[in-house]
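Undergrad: Sending over a structure as structure tokens; questions will come in a sec.
The values are calculated or read from the model by the stated rules, or taken from the named source; none is laboratory data. Every value quoted in this text rests on a predicted model; they were computed, and no experiment measured them. Please note: Cβ atoms are built from the backbone with ideal geometry, for glycine as well, and neighbour counts cover all protein chains shown.
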Amino acid sequence: MGGKVLIADNVATNRIVLKVKLGAACYSPILTADGTSCLAAARSESPDLILLDSSLPDLAGIEVLRRLRADPVTRDIPVIMISASRDADLRLEALAEGADDYLGKPVDDPVLMARLRSLMRLRQNSGEGAIRGAALRALGLAEPPEAFEGPGLISLVASRRDCAMRWRKELQALMPDRLVVQSREEALDETGTIPDIFVIDADLDGAGGGLRLMSDLRSRAGSRHAAVCIVRGEVGGEGAAMAYDLGANDLLPAAFDAREARLRLRNLLRRKRRADETRATLQNGLRLAVVDPLTGLYNRRYAGAHLAAMAERARQTGERFAVMVLDLDRFKSVNDRWGHGAGDSVLVEVARRLHANLRPGDLIARIGGEEFLVALPEVRGPEEARAVAERLREAVEELPVTLSCGGSLRVTISVGLAFSLEDHALRTEPVDEIVHRADSALLVAKSGGRNQVTIERSAVA
């Protein structure tokens, strides 16, 4: 998996031992001996995880954690606090300040490494590091920390219903979230709202049953991004390490402290929501890369790739396809007389009418200011494609377009129509050439009086 791990510990021996262990596991350790250096390295080195000792010579570990979480550049970096103190209040304070875990010394090495892998995997899979830390710093931007205290949905799944009800009673008094008791079957049901977090008994329906349920949840599209907290007899040893490696986001002992459980679950909810937000940002970015923001149609970039795929399918099946280039007639006069707002209204409405008169498998894209491209796969001949083109032309001309500024006007389109070549020639023709032939036919339609469909000459012949 790899990645950079920042170690903040004032004892040189501890730093060296951790450096050797992490290096052997193919991580890149970054060593600091005090809180100030830790804060500086967290900003400059963009580590994937921080191992933070609670006792540092200049700043308390809690204060360092507080500053990390207050800084937009470092607030999403996972932090494991390590302490020799057995003070339960310090543990609760660390979790309240946003520590992802709190491990007591001497550290259980298998659990530490498994916990590190778990947090690294979550961070890398969600893309938080790439978008939040380095991007903010590179762009010189900073976001204020957002509130995450809105209620979530938490599922409680235990071997015995009375046990889950006890969990619910203890936690509900401390949390604003909706807590629901579910069976295994109900947890796997994706027809309703998917919980943000599943709290699962490790021995659900027998030894290892909770881990099997977790694996099932991770394999399903609806629940794969939900957080999972496993409740087991102890949170140390090889069994705990295995739970983390199989996908658990956190562990709770069977006799858990409700106060600590609340903090851990709220931290899981915070990180889960941040990951959801990051995925939504990525998906929206991908959508904007291929979609015209004004009309909602695909753009030129997508149209080129789609046409290439359509041509490849045609080569394999021997079917022909048609390409149209459509242009609004005298669109400049609309902008000049009515303003660009009116022009936008016309483009949106024309796009809607064109889309409404095509088959689900047809392609429509906006490829220029007032220019559109339509591709029809598997057409039987010029007459079928011409009928579609005439239908589109009539749909645009039929009714006036209502303008956002008031009033209405009639608009028309001209259409140039071209076809892929017969099978023997199609194998050597670039798809751009088909678009070029359609564009040439459009020029003929424009020069011939507009508001008409013109088929390329080779197709007519």
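Undergrad: Would you point out which residue out of SER223, SER215 is out of contact with any helix residue (DSSP H, G or I) (no Cβ under 9 Å at 6 or more places or on another chain), outside the structural domain of ALA351 (by TED's automatic domain parsing) and free of Cβ contacts under 8 Å to residues at least 60 places away in the same chain? Spell out the reasoning first.
TA: Values: SER223 fails: out of contact with any helix residue (DSSP H, G or I) (no Cβ under 9 Å at 6 or more places or on another chain).
The conditions single out SER215.
Undergrad: For LEU65, are the conditions met, namely being closer than 28 Å to ALA275 by Cα, in contact with a strand residue (DSSP E or B) (Cβ under 7 Å, 6 or more places away or on another chain) and not in a loop (DSSP other than H, G, I, E, B)? Break it down into steps so the answer makes sense when it comes.
TA: On the way: closer than 28 Å to ALA275 by Cα: yes; in contact with a strand residue (DSSP E or B) (Cβ under 7 Å, 6 or more places away or on another chain): yes; not in a loop (DSSP other than H, G, I, E, B): yes.
Spelling it out, LEU65 is indeed closer than 28 Å to ALA275 by Cα, in contact with a strand residue (DSSP E or B) (Cβ under 7 Å, 6 or more places away or on another chain) and not in a loop (DSSP other than H, G, I, E, B).
Undergrad: Still on this structure: Residue by residue through the stretch 68-115, note down the ones that are touching a strand residue (DSSP E or B) at 6+ places or on another chain (Cβ under 9 Å), over 20 Å from ARG262 (Cα atoms) and part of a helix (DSSP H, G or I).
TA: Of everything in the stretch 68-115, those that are touching a strand residue (DSSP E or B) at 6+ places or on another chain (Cβ under 9 Å), over 20 Å from ARG262 (Cα atoms) and part of a helix (DSSP H, G or I) turn out to be LEU68, VAL111, LEU112.
Undergrad: Would you call ALA375 of a type in the set (Gly, Ala, Ser), closer than 16 Å to GLY416 by Cβ and part of a strand (DSSP E or B)? It would help to see each step written out before you state the result.
TA: Details: of a type in the set (Gly, Ala, Ser): yes; closer than 16 Å to GLY416 by Cβ: yes; part of a strand (DSSP E or B): yes.
Here the answer is yes, as ALA375 does meet what is asked.
Undergrad: Here's something else I'd like to know. Can you give me the number of residues within the stretch 302-329 that are over 21 Å from PRO360 (Cβ atoms) and either buried (at least 19 other Cβ atoms within 10 Å of the Cβ) or modelled with pLDDT of 90 or more (or both)?
TA: So the answer is 4.
Undergrad: Could you list all residues from the stretch 412-436 that are at pLDDT 90 or above and buried (at least 21 other Cβ atoms within 10 Å of the Cβ)?
TA: ILE413, SER414, VAL415, GLY416, LEU417, ALA418, PHE419, ILE434, VAL435
Undergrad: Among ASP177, ASP162, which is touching an Asp or Glu at 6+ places or on another chain (Cβ under 9 Å), of a type outside the set (A, V, I, L, M, F, W, C) and either modelled with pLDDT of 90 or more or surrounded by fewer than 16 Cβ atoms within 10 Å (Cβ to Cβ) (or both)? Break it down into steps so the answer makes sense when it comes.
TA: Values: ASP162 fails: touching an Asp or Glu at 6+ places or on another chain (Cβ under 9 Å).
None of the other options fit; the residue is ASP177.
Undergrad: So for the stretch 388-404 (the condition being among the small types (Gly, Ala, Ser) and more than 21 Å from THR454 (Cα to Cα)), does at least one residue qualify? Break it down stepwise before answering.
TA: Restricting attention to the stretch 388-404, the residues satisfying the condition of being among the small types (Gly, Ala, Ser) are 389, 395, 404.
Narrowing the set further to residues that are more than 21 Å from THR454 (Cα to Cα) leaves 404.
Yes.
Undergrad: What number goes with the only condition from (1) under 15 Å from VAL323 (Cβ atoms); (2) at pLDDT 90 or above; (3) surrounded by fewer than 22 Cβ atoms within 10 Å (Cβ to Cβ) that ALA387 does not pass?
TA: Result: ALA387 fails condition (1) only.
Undergrad: Here is a further query. Failed condition for ARG264, given (1) surrounded by fewer than 17 Cβ atoms within 10 Å (Cβ to Cβ); (2) over 21 Å from the mean Cα position of the chain (by Cα); (3) not assigned by TED's automatic domain parsing to the domain that holds GLU384, with all others met?
TA: Of (1) surrounded by fewer than 17 Cβ atoms within 10 Å (Cβ to Cβ); (2) over 21 Å from the mean Cα position of the chain (by Cα); (3) not assigned by TED's automatic domain parsing to the domain that holds GLU384, only one is false for ARG264: (1).
Undergrad: I would also like to ask the following. Is it true that some residue in the stretch 399-407 is under 20 Å from ALA311 (Cα atoms), loosely packed, with under 14 Cβ neighbours inside 10 Å and modelled with pLDDT under 95?
TA: No, the stretch 399-407 contains no residue that is under 20 Å from ALA311 (Cα atoms), loosely packed, with under 14 Cβ neighbours inside 10 Å and modelled with pLDDT under 95.
Undergrad: For the stretch 243-350, which fully contained helices (runs of 4 or more DSSP H) count at least 3 residues that are of a type in the set (D, E, K, R), in contact (Cβ under 8 Å) with a residue 60 or more places away in the chain and more than 27 Å from VAL374 (Cα to Cα)? Explain how you work it out, then say what you get.
TA: Values: elements: 258-290, 300-317, 331-338.
It comes to 258-290.
Undergrad: Can you spot a residue in the stretch 129-145 that is modelled with pLDDT under 95 and in contact with a strand residue (DSSP E or B) (Cβ under 9 Å, 6 or more places away or on another chain)?
TA: Taking every residue of the stretch 129-145 in turn, none turns out to be modelled with pLDDT under 95 and in contact with a strand residue (DSSP E or B) (Cβ under 9 Å, 6 or more places away or on another chain).
Undergrad: Give the stretch 73-106 a look and list any residue that's surrounded by fewer than 21 Cβ atoms within 10 Å (Cβ to Cβ) and out of contact with any Lys or Arg (no Cβ under 8 Å at 6 or more places or on another chain), or say none.
TA: Correct list: SER85, ARG86, ASP87, ALA88, ASP89, LEU90, GLU93, ALA96, LYS105, PRO106.
Conditions tested, residue by residue: (1) in contact with a Gly (Cβ under 6 Å, 6 or more places away or on another chain); (2) outside the structural domain of LYS332 (by TED's automatic domain parsing); (3) of a type in the set (A, V, I, L, M, F, W, C); (4) over 25 Å from ARG320 (Cβ atoms).
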residue: VAL374; (1), (2), (3), (4): no, no, yes, no
residue: PRO382; (1), (2), (3), (4): no, no, no, no
residue: GLU398; (1), (2), (3), (4): no, no, no, yes
residue: SER404; (1), (2), (3), (4): yes, no, no, yes
residue: SER420; (1), (2), (3), (4): no, no, no, no
residue: GLU429; (1), (2), (3), (4): no, no, no, no
residue: VAL435; (1), (2), (3), (4): no, no, yes, no
residue: LEU442; (1), (2), (3), (4): yes, no, yes, no
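Undergrad: Something else: Looking at the stretch 6-16, which of its residues are in a helix (DSSP H, G or I) and surrounded by fewer than 15 Cβ atoms within 10 Å (Cβ to Cβ)? Show your work before the answer.
TA: Kept after step one, since they are in a helix (DSSP H, G or I), are these residues of the stretch 6-16: 12-16.
Of everything in the stretch 6-16, those that are in a helix (DSSP H, G or I) and surrounded by fewer than 15 Cβ atoms within 10 Å (Cβ to Cβ) turn out to be ALA12, THR13, ILE16.
Residue-by-condition table, conditions (1) at pLDDT 95 or above; (2) touching a Phe, Trp or Tyr at 6+ places or on another chain (Cβ under 9 Å):
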| position | (1), (2) |
| --- | --- |
| ASN10 | no, no |
| ALA41 | yes, no |
| PRO72 | no, no |
| MET81 | yes, yes |
| ASP89 | no, no |
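Undergrad: So which of SER118, SER55 ends up being modelled with pLDDT under 95, closer than 14 Å to ALA8 by Cβ and not assigned by TED's automatic domain parsing to the domain that holds LEU263?
TA: Values: SER118 fails: closer than 14 Å to ALA8 by Cβ.
Going through SER118, SER55 in turn, the sole match is SER55.
Undergrad: Tell me, which residue of the stretch 210-269 that is of a type in the set (S, T, N, Q) and touching a Leu at 6+ places or on another chain (Cβ under 9 Å) is nearest to SER118 (Cα to Cα)? Walk me through how you get there before you give the answer.
TA: To start, the set of residues in the stretch 210-269 that are of a type in the set (S, T, N, Q) comprises 215, 219, 223, 249, 267.
If we keep only those that are touching a Leu at 6+ places or on another chain (Cβ under 9 Å) as well, we get 215, 223, 249, 267.
Details: SER215: 14, SER223: 17, ASN249: 7, ASN267: 15 Å.
Here the answer is ASN249.
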